[in-house]
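Input: one structure, supplied below.
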Protein chains: 4
Amino acid sequence: MKKISVGILGATGMVGQQYVQLLANHPWFDVCFFASSELSAGKIYAEAVSGRWHMNMPIPERFLNLPVHRMDEIELAKRSCDFVFSAVSNDAAKIYEELYARNGIPVISNAAYHRRSADVPVLIPEVNPDHAQIIPIQQKNRNWERGFIVAKPNCSLQSYMIPLSPLHQQFKVKRLIITTLQAVSGAGYPGVSSLDIMDNVIPYIANEEEKSEQEPLKIWGHIQDNFISSTNNIAISAHCNRVPVLDGHLACISVQFEQKPDKEEILSIWKNFRGLPLPSAPDRPIIYREECNRPQPRQDRNAGNGMSVTIGRLRDCSIFDYRFVALSHNTIRGAAGGGILNAEFLMQQGYLEGIC
Amino acid sequence: MKKISVGILGATGMVGQQYVQLLANHPWFDVCFFASSELSAGKIYAEAVSGRWHMNMPIPERFLNLPVHRMDEIELAKRSCDFVFSAVSNDAAKIYEELYARNGIPVISNAAYHRRSADVPVLIPEVNPDHAQIIPIQQKNRNWERGFIVAKPNCSLQSYMIPLSPLHQQFKVKRLIITTLQAVSGAGYPGVSSLDIMDNVIPYIANEEEKSEQEPLKIWGHIQDNFISSTNNIAISAHCNRVPVLDGHLACISVQFEQKPDKEEILSIWKNFRGLPLPSAPDRPIIYREECNRPQPRQDRNAGNGMSVTIGRLRDCSIFDYRFVALSHNTIRGAAGGGILNAEFLMQQGYLEGIC
Amino acid sequence: MKKISVGILGATGMVGQQYVQLLANHPWFDVCFFASSELSAGKIYAEAVSGRWHMNMPIPERFLNLPVHRMDEIELAKRSCDFVFSAVSNDAAKIYEELYARNGIPVISNAAYHRRSADVPVLIPEVNPDHAQIIPIQQKNRNWERGFIVAKPNCSLQSYMIPLSPLHQQFKVKRLIITTLQAVSGAGYPGVSSLDIMDNVIPYIANEEEKSEQEPLKIWGHIQDNFISSTNNIAISAHCNRVPVLDGHLACISVQFEQKPDKEEILSIWKNFRGLPLPSAPDRPIIYREECNRPQPRQDRNAGNGMSVTIGRLRDCSIFDYRFVALSHNTIRGAAGGGILNAEFLMQQGYLEGIC
Amino acid sequence: MKKISVGILGATGMVGQQYVQLLANHPWFDVCFFASSELSAGKIYAEAVSGRWHMNMPIPERFLNLPVHRMDEIELAKRSCDFVFSAVSNDAAKIYEELYARNGIPVISNAAYHRRSADVPVLIPEVNPDHAQIIPIQQKNRNWERGFIVAKPNCSLQSYMIPLSPLHQQFKVKRLIITTLQAVSGAGYPGVSSLDIMDNVIPYIANEEEKSEQEPLKIWGHIQDNFISSTNNIAISAHCNRVPVLDGHLACISVQFEQKPDKEEILSIWKNFRGLPLPSAPDRPIIYREECNRPQPRQDRNAGNGMSVTIGRLRDCSIFDYRFVALSHNTIRGAAGGGILNAEFLMQQGYLEGIC
């Protein structure tokens, strides 16, 4: 199989670097275009990330000398890549994601900006694969021929959306109170100062509670009249905290369903949940640990190469129906890994096919 | 005023050391009796804690040569002290707290063992001072003449019981979902291994969720028919986590009242709440911070010399009425400081008077 | 005694905040002038440090509304303050410290810029008090009437200069190999990213080894021909590391003397070393701990209100004469506290007298 | 090739678990015998390590039900295994290592006990492979037929012995002053309490400085008159510190040679140093990083699957010849990985051959 050519917008930032590392040996995708802000543009990649490469593997050899382009070199992008991953800031996403899509280049985005656009899907392939069907509608709405924008959700909610979704299908989630304990890597680099987080907790992350409460409603919503309509029978309340952990967002979840399932039904659904046949998809997207003190960020974040969600401590709740703890790797499943899985799924479904 | 003589049971452990440090210059209490397990008994204090003194001040000079006695040297205890602070393990509490009380020595306890005894008050002087009235009943129930046992609650719940109680008086708490982020010092010494907690969270603390859910019901209960009857119209659900923080338990709270108060009413009650006129009582037991990212353990744990609770982020909840964040110093307000405040309060109320 | 009026240059940065906190209740000095970079100038202090106040006490009430001026408002500074503490960056020190001194305002500086100026003393009052005598020479060299500049040394070297100096007087230090383990607060705020230092050590701090090797030679030097001449018979080699510690720089020291003293002589010198009769001077600038595992940053950094150096583990060395471990609080003794002590000393010596 | 059968003494401790993890898929060795202290003996492995399995991979499936035997079940050991890895405490090593060797079972040991026995080699295959020749002499000395004991050095010194040894061969190391910054995993489990090490450094590790100073002299020594004679022209002085890092011991080294090499010679020797053709040997045992701030524990400990030493910052020294920084993974190269490499080397050299 011939690999298809991809670009990375924001290739020099933390999420961009994660893309570079995860795509170094991808079986389907071949990175051949880097774009970044003015500061890095014009340099080769090795130079552009010199002194701020934060991955645990060295920069893949063949990317060392790849040039970093300006974000607006759209003609070159059109000639170079079949689609792009966008790992840019919200401000840049606002300007450039539509530019690329309008020019016929599909954008698989990590940015929050378009998650609120009603014809842009917020996609987790194991959860709402049918939302991909908004793509031709989006193209029609916007008069775009081949380009489109697909977003992935915020990193904080992956840990509970994946285990809750198969339960939601059968028993309908009604109320959800969540407290997250989020890792410092979620804030990018340099991100959280050591003076703020060592021997400390920060009980606030800007805009994180809003995203954690609103994005699930869209993900569990349905395509209706050319748009994705958020579900409106679910109430979610989130507390988001930053803790001194490098990677891995943990969530404590209290959930009430329309119909209360048995504990055994839940465990059985989780244990039987299987992954998609895609290169980055974990065989078991949901791993339930029986130990009383799991999941733990350092022990469980790398399960399924960072793409599985680990859960534990399912127990009764005296107020809602059940309580449990969930963990997801915020920079893999919650960022670049999630974006790559989206691209793989869209490719398999034929949405990226016409381009290659 | 002549100081009254006090003993410390379990004087060589972490909580015992905290008592030693906090009582070094107490205006009312004079420590003159130390008891501990077999391992330390027979040594002088300096020797007994050698290599395991964990306080940030040196051992107070005048305690260096004080002998450490066996727990069962009850005749000596009777001659030496007017009452004792108990900082022993649950197993030792089971054996020795009744022994001391039966022998006429009041016990101000930190142990969990007697918190469930229906005629033992679980006391926070700012919250349920009327529960002290169970003392003569307890003495009658148990046929004790001068001795009695008073417990203080678990460290995890001080942060929310103090701010919720004045609201509960007016608006009646109905439902409470709490997630705690607790410091490692709560597990004593050596307690939590660095290998378990660095770059990690442990989403489980043995028996902590049960205590966090049950003790508030007793604290908000009433004396009835010779016992303290727990309130039964309140449902509490707790998630307890250990985080890499040295001191300070933080809690994320979602609360529903029987009658929903205005946000301004809550803030006004908190801002007007004043402390008791006791040596260890903070002038402001509740400190509300306006900043969006407070309270934080390292910044706020020492407020009011570790005896104030700091709260912040009061905001609406889409499911219950309100959400907020609360923080309390677990080894001061939540342990030895809370015990000392109890003793001061009981002294002021005359319960320790007959003895001196 | 009437207090004398002082200003703080760079009042809104980390070191500036430390000055504000330490000077809140100073018996001699009354802060009445704040200057800062363009960003903060024009605001009141509370506003200027809003969201970035990093001290553990709240902003002292009476500073909340003090205006923050531009660094170049020199006429106002002349009318407002008898001398200034400078807590500015090296670049700003280059421009402004001479400006203030030229305009008759003595500058007690924390910046590195003038430490290399041969007529500027690098002062530790307990170590090289005689270097203050360069002040009239400096004024003559530079044709300044009342102003002058006095520097304090780099934070990394306080921990070993103070204990080594009384030994150096008698036995002459010849060779010194030092490895420092330095706290993150030494890098200012935001300073070291949590992603760089959690579960990690960074074995490099820019320019720190050079300063650690050169500044001691000047401190141990002598006034000669209108300049301070560095000593040239001592060789120093330093390794500087950043470790995940909030405050407190620790140093492992191997030292060789011209004449090897007895171990008992060293311990006796250290134990008999007494502080200066100044408000911020600790009674015991050198505290020797007998325990095998001290000093430790968290346990010992606050000794003497952060102004004492704690040392331990004096032992023979198979290569040089002796080895030991030393610790000093980098933001108190090593920064603002050291600057204040310098001002107190200069005041006592009459160098600031003519001004008041 | 038929695999040979190996046992693990102390299989349930931290180092034992590391052996279990690293040997799960070893091409030559097949683990088929576990022995441990009385506490674990009689259980199956899964049960014996339940609640205290500290590796980042799950227990390999096929070891779950392997029985754990008593250390003294020597007849069973003789029938089950060709040699054993010993990961026991010093006290147990004293008793059991000779028991096994006397009974014809070679012991590849991690314990310190026999490192001082003059006919037991302290082996690093890349450094002193010739010391294996003591094995037949040891057997003759002790009248053992097939069994023997081979030790590996202390974890603290791997980081500098590997890069220094090829330099020592040519230029003769003369003096060495070392400061180590060691990870908490070096103390085993539960090991270092979080209360002792968070936001702190402990400048002392029991016996570590002695080992760091003496073992290199034996490793650089020579077989002479039936014993290994330590070299006696080298002076080493070590400062050992515990820092809040999970894995990876870092060392700051100042070294003087008999003949001072050029910086380029050193770099060239390091860059050309190649590994042994053994399954666990890294291709490049020495990795020199050009960046000014490397090596770092979290970034570099896993180089070469935890078997490579990463070094950096080679620079002139004003007192000795050169300074540099070195890092080695203390639980892989410094413990189980080093033991496995020793076994592979001895197997390749024929010392384990006669047995299989």
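Return, for the Cα atoms of the stretch C:65-134, the radius of gyration and Dmax in Å, separated by a comma.
Spelled out, the Cα radius of gyration and Dmax of the stretch C:65-134 are 13.0, 40 Å.
Please give the charge dipole size of the stretch B:27-151, origin at the Cα centre, charges +1 on K and R Cβ atoms and -1 on D and E Cβ atoms. Round to the nearest 20 debye.
160
Now, a different point. For every other residue with a beta carbon closer than 12 angstrom to the beta carbon of A:S159, add +1 if it is Lys or Arg and -1 if Asp or Glu, then tell me the sum.
Net charge around A:S159: +1.
Once fully extended, how much extra length lies between B:R116 and B:R70, figured as 0.36 nm per residue of separation less the alpha-carbon to alpha-carbon distance?
Extra length from B:R116 to B:R70 when fully extended: 13.9 nm.
Apply the Debye scattering formula to chain C, with a single equal point scatterer on each alpha-carbon and no solvent, then give log10 I(q)/I(0) at q = 0.09, 0.11, 0.14, 0.15 Å⁻¹.
The calculated log intensity ratios at q = 0.09, 0.11, 0.14, 0.15 Å⁻¹ are -0.47, -0.71, -1.16, -1.32.
Something else about it: If you put +1 on each Lys and Arg Cβ and -1 on each Asp and Glu Cβ, how big is the dipole of chain C around its Cα centre, in Debye rounded to 20?
Using only the charged Cβ atoms, the result is roughly 260 debye.
If you rank D:R175, D:R62 by how much accessible surface each has, with a 1.4 Å probe, what is the order from largest down?
Of D:R175, D:R62, the descending order of accessible area is D:R62, D:R175.
Sticking with this structure for a sec: Probe radius 1.4 Å, ligands and nucleic acids left out: which of D:K218, A:K78 has the largest accessible area, and how do the rest follow?
Order by accessible area, largest first: A:K78, D:K218.
Here is a follow-up. In a GNM of chain D with a 10 Å cut-off on Cα contacts, which of D:I95, D:I332, D:I59 has the highest mean-square fluctuation?
Judging by the Gaussian network model, the answer is D:I95.
Pick from B:E209, B:E97, B:E145: which residue has the top mean-square fluctuation in a GNM of chain B where Cα pairs under 10 Å get a spring?
Of the options given, B:E145 has the highest mean-square fluctuation.
Ignoring solvent entirely, what values of log10 I(q)/I(0) come out of the Debye formula for the stretch A:147-262 at 0.09, 0.11, 0.20, 0.22 Å⁻¹ when each Cα is a single scatterer?
Calculated log10 I(q)/I(0) at the listed q: -0.29, -0.42, -1.08, -1.21.
Determine how many Å³ per residue the convex hull of the Cα atoms of the stretch D:145-203 encloses.
Once divided by residue count, the hull of the stretch D:145-203 is 148 Å³.
For the stretch C:1-133, what is Rg from Cα atoms divided by 2.2 N^0.38 Å, rounded to two decimals?
Taking the Cα Rg and dividing by 2.2 N^0.38 Å, one obtains 1.03.
Let me ask another. Any idea what diffusion coefficient the protein assembly as shown gets from Stokes-Einstein, in µm²/s, Kirkwood Rh on alpha carbon pairs, 20 °C, 1.002 mPa s?
Translational diffusion coefficient: 62 µm²/s.
Now for a separate question. Counting each DSSP H run of 4 or more residues in the protein assembly as shown as -39500 (n - 2.57), what helix-only mean residue ellipticity at 222 nm follows after dividing by all residues, to the nearest 500 deg cm²/dmol?
Helices in the protein assembly as shown give a 222 nm mean residue ellipticity of -7500 deg cm²/dmol.
Over chain D, what relative contact order in percent results from Cα pairs under 8 Å that are six or more residues apart?
Over chain D, the number comes to 16 percent.
Oh, and also: In units of 2.2 N^0.38 Å, what is the alpha-carbon radius of gyration of the stretch C:268-356?
Against the compact-globule rule of thumb, the ratio is 1.28.
Sticking with this one: For the stretch C:90-197, what class follows from the C-alpha gyration tensor (a ≥ b ≥ c being the square roots of its eigenvalues): rounded when a/c is under 1.5, otherwise prolate if a/b is larger than b/c, else oblate?
Note, shape of the stretch C:90-197 comes out oblate.
Next question. Under 19 Å from a point 7 Å along the Cα-to-Cβ line of C:N233: which residues of the stretch D:316-334 have their amide N that close?
Those under the cut-off are D:319.
At 1.4 Å probe size, with no ligands or nucleic acids counted, give the accessible surface of D:M14 in Å², nearest ten.
My reading of the accessible area for D:M14 is about 40 Å².
Out of all DSSP beta bridges with both ends in the protein assembly as shown, state the antiparallel percent to the nearest 5.
DSSP beta bridges in the protein assembly as shown are roughly 45 percent antiparallel.
Something else now. Which distances in nm, rounded to one decimal and ordered from shortest, link the label point of C:S37 to the equivalent label points in the other identical copies, with labels set 7 Å from Cα toward Cβ?
1.6, 5.5, 5.7
How high is the relative contact order of the stretch D:1-113, given as a whole-number percent (alpha carbon pairs under 8 Å, six or more residues apart)?
For the stretch D:1-113, the relative contact order is 30 percent.
Shifting gears a bit: Between C:A46, C:A336, C:A206, where does the largest GNM mean-square fluctuation fall for chain C, given springs only between Cα atoms within less than 10 Å?
C:A206
Accessible area per residue for the protein assembly as shown in Å², computed with a 1.4 Å probe and the full protein assembly in place, what is it?
In whole numbers, the protein assembly as shown has 36 Å² accessible per residue.
Alpha carbon centre of the stretch A:1-78 versus the stretch B:304-326: separation in Å?
A separation of 44 Å, based on Cα centres.
Which FRET efficiency value, to the nearest 0.05, is calculated for D:K43 and D:D283 with the Förster distance at 35 angstrom and r the Cβ-Cβ distance?
0.30
Moving on. When Lys and Arg each count +1 and Asp and Glu each count -1, what net charge do the other residues less than 14 Å away from B:G42, Cβ to Cβ, add up to?
Charge balance in the 14 Å sphere: -2.
Can you pull the percent of the protein assembly as shown's accessible area that's carbon plus sulfur, 1.4 Å probe, other chains left in place?
Roughly 45 percent, rounded to a whole number.
Here's a follow-up. List the GluC sites (Glu not before Pro) within the stretch D:259-356 that DSSP assigns to loop and that have no more than 10 neighbouring Cβ atoms inside 10 Å.
D:E290
Quick one: if the Förster radius is 41 Å, what FRET efficiency do B:S268 and B:E210 give, using the C-beta to C-beta distance and rounding to 0.05?
E between B:S268 and B:E210, to the nearest 0.05, is 0.75.
So, in Å, what gap is there between the alpha-carbon centers of the stretch C:195-213 and the stretch A:246-284?
Here the answer is 43 Å between Cα centres.
I would also like to ask the following. With no solvent and one equal point scatterer per Cα, compute the Debye intensity ratio I(q)/I(0) for the stretch B:307-355 at 0.13, 0.29 Å⁻¹ and report its log10, rounded to two decimals.
Cα-only, vacuum Debye calculation for the stretch B:307-355: -0.51, -0.96.
List the distances, in nm to one decimal, from the label point of A:N103 to the label points of the same position in every other copy, shortest first, placing each label point 7 Å from Cα along the Cα-to-Cβ direction.
Shortest to longest, the spacings are 5.3, 7.5, 8.7 nm.
Once you put a point 7 Å from the Cα of B:S50 and another 7 Å from the Cα of D:K78, both along the Cβ direction, what distance in nm separates them?
4.8
Take the alpha carbon gyration tensor of the stretch B:199-340, find the square roots of its eigenvalues, order them as a ≥ b ≥ c, and report rounded if a/c is under 1.5; if not, report prolate when a/b exceeds b/c, else oblate.
Rounded is the answer for the stretch B:199-340, as its axis ratio a/c remains below 1.5.
Around B:R115, with a cut-off of 9 angstrom between Cβ atoms, what is the net charge of the other residues, counting Lys and Arg +1 and Asp and Glu -1?
+3
At 25 °C and 0.890 mPa s, grab the translational diffusion coefficient of the stretch D:1-72 from Stokes-Einstein with a Kirkwood Rh over Cα pairs, rounded to a whole number in µm² per second.
Answer, rounded: 203 µm²/s.
Measuring nothing but label to label, 7 Å from Cα along Cα→Cβ, what are D:K3's distances to the other copies in nm, shortest first?
3.4, 6.8, 7.6
R0 = 25 Å: FRET efficiency of D:Q224 with D:L99, Cβ-based, nearest 0.05?
0.30
The values are calculated or read from the model by the stated rules, or taken from the named source; none is laboratory data. These numbers come from a predicted model, not from an experiment. Glycine also receives a Cβ, built like all others from the backbone with ideal geometry; neighbour counts cover every protein chain displayed. SASA here: full protein model, heavy atoms, side chains in, ligands and nucleic acids out. Shrake-Rupley method; radii C 1.70, N 1.55, O 1.52, S 1.80 Å.
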